[in-house]
Amino acid sequence: YVGIAKNFASQGGHFESIRPLALPALLTPLQFLPTSSLTSGRIFSLLLILTLLTAIYFTTKKAFNETTAFWTTFIYAASVSTFFNAGLILTDLTAYSLIFLATLLTYQKRYFYSGLMTGLAFLFKFPAPLILIPLAILTLTRKNKLSNLSKLALGSILTATPYFIFNLMKHGSNFLQPLLDASALIEKESWVYANGTLLRYLAHLTFTEISFILAIISSFYLWKNHKQQLFYFASPAIIFLTYFIVRVP
């Protein structure tokens, strides 16, 4: 991502078309600073996550209450994945924070802003628009379904469009090829996943992620009176877990 940012800044660096471009675009101004690109990139990534955690706190507080907002933000910030990835120049944590915000905003019936978050998440991680499937289903269960669905779609399209404009300018008629190449890449066998199994992954989650354990416990507690809320906030986890189980060797 730093290499792509350097490419944007000076036509140097290394451009890789299969990568989402939001993070490199945000890192581009940092390439003009008289500091290490990796150091400034790590600091920027940490500040980005702190900003998203703040947004999660205030949005959750508005949707529920201050206590819920505090514990949601605390558990999210203290999870192994967040703690480990917050200072790395990677896109996953930012994308899934935005997906969480999109889910929360749909719950609050703020469909256009939910769409904006979904489109932004796509600019950080290509599978992010999968969240539109459960969000669209939930939107269709409410009043003014078509109008609200249009707002959700419009917000997503507005923030995702710059990526496709860039691809048109760079790749011409093959503007969808980077997405196809990125999609095909995760289906290939890789040393990264050589020892990976679904059982090992779930065991890892169980023993390292307090958020995963608390989610299961709270689901049993909330099932009787809060089925809709559970569906709202479990559906993103389920759809992405299913996607990667099916697609990744």
Practice task
For residues that are among the β-branched types (Val, Ile, Thr) and farther than 18 Å from ALA86 by Cβ, scanning just segment 44-62, find the one that is surrounded by the fewest Cβ atoms within 10 Å (Cβ to Cβ).
Solution key: THR59
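Would you mind stating whether ALA69 is out of contact with any Phe, Trp or Tyr (no Cβ under 9 Å at 6 or more places or on another chain) and over 22 Å from ALA153 (Cα atoms)?
Details: out of contact with any Phe, Trp or Tyr (no Cβ under 9 Å at 6 or more places or on another chain): no; over 22 Å from ALA153 (Cα atoms): yes.
Criteria not met by ALA69.
Please enumerate the residues belonging to segment 107-131 that are among the polar types (S, T, N, Q) and open to solvent by 10 Å² or more (accessible area, probe 1.4 Å).
Looking only at segment 107-131, we keep the residues that are among the polar types (S, T, N, Q), and these are 108, 114, 118.
Residue satisfying the conditions is GLN108 alone.
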Problem - Residues (out of contact with any helix residue (DSSP H, G or I) (no Cβ under 6 Å at 6 or more places or on another chain) and either assigned to a helix (DSSP H, G or I) or surrounded by 17 or more Cβ atoms within 10 Å (Cβ to Cβ) (or both)) located in segment 24-43 - result: ALA25, LEU26, PRO29, PHE32, LEU38, THR39, ARG42, ILE43
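Confirm whether TYR96 is assigned to a helix (DSSP H, G or I), of a type in the set (Ser, Thr, Tyr), in contact with a Leu (Cβ under 9 Å, 6 or more places away or on another chain) and open to solvent by 40 Å² or more (accessible area, probe 1.4 Å).
Working: assigned to a helix (DSSP H, G or I): yes; of a type in the set (Ser, Thr, Tyr): yes; in contact with a Leu (Cβ under 9 Å, 6 or more places away or on another chain): no; open to solvent by 40 Å² or more (accessible area, probe 1.4 Å): yes.
When the stated conditions are applied, TYR96 does not pass them.
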Problem - Matching residues in segment 200-227 - criterion: being free of Cβ contacts under 8 Å to residues at least 24 places away in the same chain, part of a helix (DSSP H, G or I) and open to solvent by 70 Å² or more (accessible area, probe 1.4 Å) - result: ARG200, TYR201, HIS204, PHE207, ILE216, ILE217, PHE220, TYR221, LYS227
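The values are calculated or read from the model by the stated rules, or taken from the named source; none is laboratory data. The structure displayed is predicted, hence computed values, not measured ones. Heads up, the Cβs are rebuilt from the backbone with ideal geometry, glycines too, and the neighbour counts pull from every protein chain shown. The area values use the complete protein model at the heavy-atom level, side chains included, leaving out ligands, DNA and RNA. Shrake-Rupley method; radii C 1.70, N 1.55, O 1.52, S 1.80 Å.
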